[in-house]
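One structure is given here, and the rest of the page talks about it.
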Amino acid sequence: MRKSFIKVLLLTTLASLVLIGCGSTTTQAPQPQQATTAPAADVTKSIADIKAVLPKFAIPMREVGDRFDNMYFAAKGGNWALAAYMSKYMNGAMNPASLTKPDEYGAWKSFYTGSVDPLNKAIAAKDFAAFDKSYGEVLNKCNACHSATGYKFIKLVKPTVPTDVHADFTEKSEPGDVPK
Ligand code: HEC
């Protein structure tokens, strides 16, 4: 969703800049040379400017941390849809990084599809014992990536309270209850 929103945003901006560029071409008709080069440079700069203000890793990682905490309590309380939902959007939160930090995003993607998979399977099977066993292992891998990327000081431990203290983690639900 976010990724396509960003694409739409970029395309819309691109389209309007081309239009503005066309407008200035007509008004500046006596200098055709300038008219052909200037808009392209403007567009490139604007795209770079937009990219520069999009989230990289730190902002979505905050959301990853919160959702990963919440996921634990949702699984523990038998609110399986909430656990599945938290996992889904923990991954979705990282989408902007696919554009702003493509290499690092690749590492995230293989982490989510590989290391997080046992958690997703345990959620689908409503198996808290398996979930609990894998949770600590995944957390170690979160920390391993932090160390490997120069953020050894971001060391997370198993949460004792959820991030969202006002959510009902014991509301019973099925893993498949999350709307597509
Ligand atoms: C692909 C490597 C990678 C993986 C995997 C990873 N992280 Fe991170 N994480 C980072 C990087 C890099 C930062 C620092 C971001 C920055 O400063 O740009 C970070 C920062 C964080 C932060 C601090 C965010 C803030 O600014 O407050 C939290 C919380 C966090 N990660 C949670 C997690 C959790 C939970 C997991 C596992 C479910 C995880 N991360 C997996 C790379 C990773």
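Structural remarks
- In this structure, Thr170 and Cys145 have a Cβ-Cβ separation that, at R0 = 35 Å, corresponds to a calculated FRET efficiency of about 0.65.
- Remark: region 67-77, residue by residue, has Karplus-estimated 3J(HN,Hα) of 5, 5, 4, 4, 4, 4, 6, 5, 5, 4, x Hz, where x stands for each Gly or Pro and the curve is 6.51 cos²θ - 1.76 cosθ + 1.60 at θ = phi - 60°.
- Using θ = phi - 60° and Karplus 6.51 cos²θ - 1.76 cosθ + 1.60, couplings along region 101-113 (whole Hz; Gly, Pro as x): 9, x, 5, 5, 5, x, 5, 4, 4, 6, 4, 5, 6
- For Thr163, residues with placed amide H under 5 Å, excluding near neighbours: Asn70
- Electrostatic dipole magnitude of region 58-177 [Cβ: Lys, Arg +1; Asp, Glu -1; Cα centre; debye, to 20]: 340 debye
Laboratory data are not the source of any read-out in this text; all were calculated from the coordinates shown. Everything numeric here is computed off the predicted structure, so don't read it as measured data. Methodologically, a virtual Cβ is constructed for each residue, glycine included, from the backbone with ideal geometry; neighbour enumeration extends over all protein chains shown.
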